Amino acid sequence: MAVDVEKNKKQDNTLDATLNSIRQAVEMGDLSYEVYEYLKTPMRFVEVGVPVEMQDGRMEVFTGYRCQHNNVFGPYKGGIRFHPAVTIDSIKALSMWMTLKCSLVGVPFGGAKGAIVVDSTKMTIKERERMTRSYVRALGSVLGPETDIPAPDVFTDAQVMAWIADEYSDIMREPSFGVVTGKPLAVGGCVGRNEATGRGCFFIGREAAKALDIPLEDARVAVQGFGNVGSNAAILFAEVGCPVIAVSDVSGGLYNKNGIDIFKLLDHVEKTGFVKGFEDAEEITNEELLTIDCDILIPAALENQINSGNADQVKAKIVIEGANGPTTPEADQVLKDKGILVVPDILANSGGVTVSYFEWVQNNYGFRWDLETVNRRLEEKMTEAFKMVYKYYCEKCVGSDMRTGAYMYSTQRLAEAMHYRGWLSNGTHRK
Ligand code: GLU
């Protein structure tokens, strides 16, 4: 699907919306205004030129960013995306979500995000490799296993992470694989990291259904996006017997009221690359998928998918935000008024960074955990995080939504760490 870069850039108000949510959380939580002062501006924002020798011998210089938002809890942490519609503001907002996410789920990292403004899908693999290495050289010691640890994000994967680990190790003149997570297993990756975000969404969906007294095995699930996050979440819901009645990807959507055979669909996608053309389901559009009659809706594709144009038609009882920022603030309000429980991205998709943390711990120890250990620890972390945030939301955010509850819970933990590190002049709360 072609990306309308200019339109995306014009519509990009994620930073303002994020700052509003943080300010509101600080105010509602009665936290010191200094907490907002720290969170409103990234601690460091780096812009670099990324020269790349292209296949035809020309040099092209791309723009790269790394935003290090806040490190009160530990090294900066967050993905690197290759995308033509990336803006400075969107990277800042994404880095803020990482800070909030790490705080919420209790992993000892700060928040960061990086990007190269490029359509890397049009590049050869060698061009992509040279670009990745050039970006790492440009950033140099901005990164580091105790400083700032990147991970996969939109259009970056384990191979890109391996190039980052290799280039950084060359610069440091020693193997230093803990500089990045989401690596292939052969170079210090962690079993289960690839599936972790989708698996985390499943645990969160399960807990949310429990909280609303919806029997999980009867819950009808719809998943927008059949990439890494969406497909892994769909598999897990299907495995416990939930009818996954709708899925979609860039080629369009599928609907079967009795449930789609996810395993057959995975075979079909492996052969054809897309969900389109799968036989045992009706074709629907991505737009129709979002408004389908279901219990759990998982937007796991792009930003701003549930917006003022379709929010009033959403019929799900629970929305689990697998993607970062799939619901606009206007849509949030509409979903809240309709009584739909929206589990916000900073909680719902935090399984990825949680297993990134496990990977980093194993790299530091030089020791490997097995898949069962990784999945069990992920389940414990996600279940605990859901319960804490849900309880906090029910007790402290009457009349508000779970996103507000999550932001309040997260900023409160950040305030506590800021206080103990001596960053606040007069305690965590307003006097
Ligand atoms: N890019 C993922 C996210 O947005 C993972 C980040 C990480 O593992 O550091 O949460």
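One table, with the values for the structure above:
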read-out: Criterion (within 11 Å of the ligand (Cβ to nearest atom) and of a type in the set (D, E, K, R)) met by exactly one of K113, K122, K126, K92; value: K113
read-out: Total residues in the range 116-136, condition exposed (fewer than 15 other Cβ atoms within 10 Å of the Cβ) and not hydroxyl-bearing (S, T, Y); value: 4
read-out: Looking only at the range 176-228, and only at residues there that are farther than 18 Å from T156 by Cα and basic (K, R), the one that is nearest to the ligand (Cβ to nearest atom); value: R199
read-out: Test result for E379, outside any loop (DSSP other than H, G, I, E, B) and either more than 16 Å from the ligand (Cβ to nearest atom) or within 23 Å of the chain's Cα centre (by Cα) (or both); value: yes
read-out: Positions within the range 97-135 being within 22 Å of the chain's Cα centre (by Cα) and without any contact (Cβ under 8 Å) to a residue 40 or more places away in the chain, in sequence order; value: S120, T121, T132
read-out: Hits in the range 94-115 (condition: touching an Asp or Glu at 6+ places or on another chain (Cβ under 9 Å) and surrounded by fewer than 24 Cβ atoms within 10 Å (Cβ to Cβ)); value: G106
read-out: Any hit, the range 383-396, residues being modelled with pLDDT under 95 and either among the small types (G, A, S) or closer than 17 Å to G200 by Cβ (or both); value: no
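For (1) surrounded by fewer than 18 Cβ atoms within 10 Å (Cβ to Cβ); (2) in a loop (DSSP other than H, G, I, E, B); (3) over 15 Å from the mean Cα position of the chain (by Cα), each residue gets a yes or a no:
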site	(1), (2), (3)
I292	no, yes, yes
E303	no, yes, no
K315	yes, yes, yes
V334	no, no, yes
V342	no, no, yes
L347	no, no, no
G352	no, no, no
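The values are calculated or read from the model by the stated rules, or taken from the named source; none is laboratory data. The structure displayed is predicted, hence computed values, not measured ones. Virtual Cβ from ideal backbone geometry, glycine too; neighbours counted across all protein chains shown.
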